[in-house]
Amino acid sequence: MEKRFVLDLTLQDWEEYMKEKGFPKFRALQLYQWLMKGTLDLSKMTNVPNDIKKAISEDLIVESMSVEKHLVSKIDGTQKFVFQLYDGHRIETVLMRYKTGLSICISSQAGCKMGCNFCASAHAGFGRNLTSGEMLGQVLLAGAFAGERIHSVVVMGIGEPFDNFDNLIGFLKSANAEQGLNLGARHITVSTRGLVPQMLQFSEIDMQVNLSVSLHAPNDELRKTLMPVAKRYSIKEVLDACRTYEKNTNRRITFEYSLFDGVNDTPECARELAKVLHGIHCHINLIAANEFDGSPFKRSKPASVRAFQDLLEKSGMTVTLRREMGTDIMAACGQLRRGLQEKTT
Ligand code: SF4
């Protein structure tokens, strides 16, 4: 049987493991508490007996994640972590400070299949899905590194979380569990490019996790030029799934909209967007898109961004402009992975 990563086991799994091995049940909680502090090194778990440590190191993958690089933005203190996984894959995680506390943006896959034309991650290709423990590990290890509790988590880094649905749900359960990260569901946001079947499945889970949908265009024709996923699901289908989510959860949805110069940032686009989103309880998050070398799109001009926001607000929409963070360390939206590639290949 394939070995599992220690962070993939829930507290209940640990209890079963201890029982199977003939160790006392209370050892499960002791061990789990160390892991939830971000300690993966068995030698540091001072109250865990050696025979248990020996069994664990034989049966499971223990130190599967390590911080390969840690970069700190000189502009705003944003931190980027490059983690190396046990099989050589690398993932990136970004830690940002807001007034409310530390927020972390984690990856859900090593690489990405979605191929969005404006995203550096898409150019790096797909490696594999991350396990729930590898998602959890990003929060735990970055938090331990920062020496501070993490206040909120967004699953918005590399990858499409709904393309890794079961592991995502496993992660959300551990993040929300009292003995796990103990993060309120409302402090967790999952971001999708609009995989309709999984959006519907997600609207059935019994957790008040926030949903964010990357729209980036007000009509299918334009959206298809930005995101190949638009060829699979129309905006109408995506918005119908959003209405179902809203009905089932009573939660407000966030729509992400990256602005590209002369492409999707015109006044006509703003008016059309307000029209298609009319009646949905939502919030629009505008992003003045970040460029990377080789990107076919240019960032919107500040005047176009302001005009776009104004038009939406005049149409009665709730809009915010996302604060750019960590651009000097390639940690901003759409910039992940590429910087690492340039340095390592
Ligand atoms: S924007 Fe997200 S979904 Fe699209 S290619 Fe980049 S990482 Fe993948």
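Read-outs: derived from the displayed coordinates by stated rules, not from any lab. Treat the numbers as computed from the prediction; the structure is a model and nothing was measured. Here Cβ is always computed from backbone atoms with ideal geometry, including for glycine, and neighbour counts include all displayed protein chains.
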> Given 164, 283, 107, which one lies farthest toward the positive end of the charge dipole of the chain, if we put +1 on the Cβ of every Lys and Arg and -1 on the Cβ of every Asp and Glu?
Replying inline: 283
> Mind checking which lysines have their C-alpha under 19 Å from residue 3, skipping anything on the same chain fewer than 8 residues away?
Replying inline: 19, 21, 53, 54
>> Positive end of the dipole of the chain, charges at C-beta (+1 Lys, Arg; -1 Asp, Glu), about the Cα centre: which of 56, 302, 129 has its Cα farthest in that direction?
In response: 302
> How large is the Kirkwood hydrodynamic radius of segment 65-344, in angstrom, based on all distinct alpha carbon pairs?
Replying inline: 18.9 Å
> Excluding same-chain residues fewer than 8 positions from residue 236, which lysines have a Cα within less than 30 Å of its Cα?
Replying inline: 113, 224, 247, 275, 298, 301, 314
> 222 nm [θ] for the chain, helices only, -39500 (n - 2.57) per DSSP H run of 4+, per residue, to 500?
Replying inline: -10500 deg cm²/dmol
> Which cross-chain or sequence-distant (5 or more) residues have an amide H under 5 Å from the amide H of residue 78, H modelled 1.01 Å from N in plane?
Replying inline: 73, 326
>> Can you compute 3J(HN,Hα) from phi for each residue in segment 254-271, using the Karplus curve 6.51 cos²θ - 1.76 cosθ + 1.60 with θ = phi - 60°, rounded to whole Hz and x for Gly and Pro?
In response: 9, 9, 8, 9, 7, 9, 10, 4, x, 9, 10, 10, 7, x, 4, 4, 4, 5
> Using +1 on the beta carbon of Lys and Arg, -1 on that of Asp and Glu, and nothing else charged, what's the dipole of segment 8-130 about the Cα centre, debye to 20?
Replying inline: 480 debye
> Which trypsin sites (Lys or Arg not before Pro) does segment 139-192 hold that lie in a coil by DSSP with at most 15 other beta carbons within 10 Å?
Replying inline: 149
> Starting at 0 and stepping by 5 Å, how many percent of the alpha carbon pairs of segment 1-141 end up in each bin?
Replying inline: 2, 9, 17, 19, 16, 14, 10, 7, 4, 2, 0
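Taking the Cα centre of the chain as origin and charging only Cβ (+1 Lys, Arg; -1 Asp, Glu), how large is the dipole, in debye to the nearest 20?
580 debye
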> What are the extents of the Cα atoms of segment 6-59 along their three principal axes, listed from largest to smallest and rounded to whole Å?
Replying inline: 24, 21, 19
> Where Lys and Arg each count +1 and Asp and Glu each count -1, what net charge lies around residue 311 among other residues with Cβ under 13 Å from its Cβ?
Replying inline: -1
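Sort segment 73-224 into rounded, prolate or oblate with this rule: let a ≥ b ≥ c be the square roots of the eigenvalues of the Cα gyration tensor; rounded if a/c is under 1.5, and if a/c is not under 1.5, prolate when a/b is larger than b/c, oblate otherwise.
Details: a/c = 1.43, a/b = 1.21, b/c = 1.18.
Rounded, because the longest to shortest axis ratio a/c is under 1.5.
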